[in-house]
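This report refers to the structure that appears directly beneath it.
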Amino acid sequence: MPGPVLPPNAQTPGSYLNPGGTGSFKLLDLCKMAMVKIGAIDPAENPSGQEAADVQGQANILIDSWNAARAYIWANKFFTGLITPNLQPHQIGPTGTAGFNQAAGILQRPVKILRASILLNALGASPWIGQTTVRLKVLVHQDKGSWWAAKAAPGVASVTPTDMYYEEDWPNGSIFLWVVPTVAYPLELLLQTLISQYQLADTVTLPQGGTMAFVYSLAEMIAPDFDLPWTAGLEQLKRAALRRFTNLNITSPQMGTRDAGIPGGKGTGKRSDYNYISKQVND
């Protein structure tokens with residue numbers, strides 16, 4: 001019985017690299033795919049060095065744009081940094097405060113801090129994952145500074161902070177903790193994941209659906225640079241790809257009411273005593 005027919009291992013000039021799975025293309029491969037979609041090059045061609053560099057720049061601009069929109073972000077991640085006592089604010093970013101900078105794994109300042117906790121019983125423990133700890137919630141105020149501006153005594157210091165405000169400064173964000181912590185507790189943050197910037201030889205990491213959405217979005221960006229039209233057919237394919245990708249990343253908020261969407265008739269906070277048949281409030 002003959003065995004299965006396998007594809008050749010050798011790569012032909014101008015061909016895409018064998019991906020080996022979702023999200024494992026090189027950036028150069030995706031740039032070439034985008035150029036082929038608009039007819040800038042033939043599938044058997046390679047872009048010139050200048051063309052590849054130009055499309056690489058557009059690709060990283062596209063990534064930067066996606067990082068600013070929650071619909072393109074497929075996951076959040078936990079990060080833990082050690083508080084510097086009596087410091088206000090803590091800077092988080094590539095050149096931020098020790099424990100919250102590039103050396104600690106923060107390559108770009110976070111777009112948002114979604115949740116925060118002080119890790120109790122973890123003093124001196126590193127890494128904190130796997131330690132027997134207790135999360136003490138720190139309320140993150142998402143009001144663009146209104147809460148922090150209203151604090152009458154922002155410099156009050158104590159052992160454990162209860163609230164924080166995150167200012168999206170650049171290139172480092174600013175974490176304002178209240179009260180100002182006096183103990184070097186670990187501060188655990190839930191951050192919105194950022195897509196990395198890439199060189200042409202880097203492997204682009206995108207989940208299912210992301211590669212097609214990225215290629216068509218990039219193709220639309222570069223079409224004017226090559227003086228080529230963006231057709232209605234390409235637009236339809238791009239929108240379908242983006243819809244499939246972003247629908248996976250958008251969650252609808254859960255809502256609850258006391259009774260079938262109608263508030264309580266007497267404002268008691270109990271289940272409504274309104275009778276839907278008689279249209280009267282029961283005594």
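The values are calculated or read from the model by the stated rules, or taken from the named source; none is laboratory data. The structure displayed is predicted, hence computed values, not measured ones. A quick note on method: Cβ atoms are made from the backbone with ideal geometry, for glycine too, and the neighbour counts reach across all protein chains shown.
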Collect the residues in segment 29-78 that are within 19 Å of Leu237 (Cβ to Cβ), in a helix (DSSP H, G or I) and small (Gly, Ala, Ser), keeping them in residue-number order.
-> Ala34, Ala59, Ala71
Quick check: anything in segment 187-200 crowded, with 18+ Cβ neighbours inside 10 Å and among the β-branched types (Val, Ile, Thr)?
-> yes
Trp178 passes all but one of (1) in contact with a helix residue (DSSP H, G or I) (Cβ under 9 Å, 6 or more places away or on another chain); (2) over 30 Å from Asn60 (Cβ atoms); (3) surrounded by fewer than 18 Cβ atoms within 10 Å (Cβ to Cβ); which number fails?
-> (3)
Exactly one of Ile222, Ile277, Ile195 is at pLDDT 85 or above and part of a loop (DSSP other than H, G, I, E, B), and that residue is Ile195
Exactly one of Leu139, Leu234, Leu177, Leu189 is more than 21 Å from Ala53 (Cα to Cα) and assigned to a helix (DSSP H, G or I), and that one is Leu234
Hey, could you check segment 73-92 for residues that are among the aromatic types (Phe, Trp, Tyr) and buried (at least 16 other Cβ atoms within 10 Å of the Cβ) and say which is nearest to Asn172 (Cα to Cα)?
-> Phe79
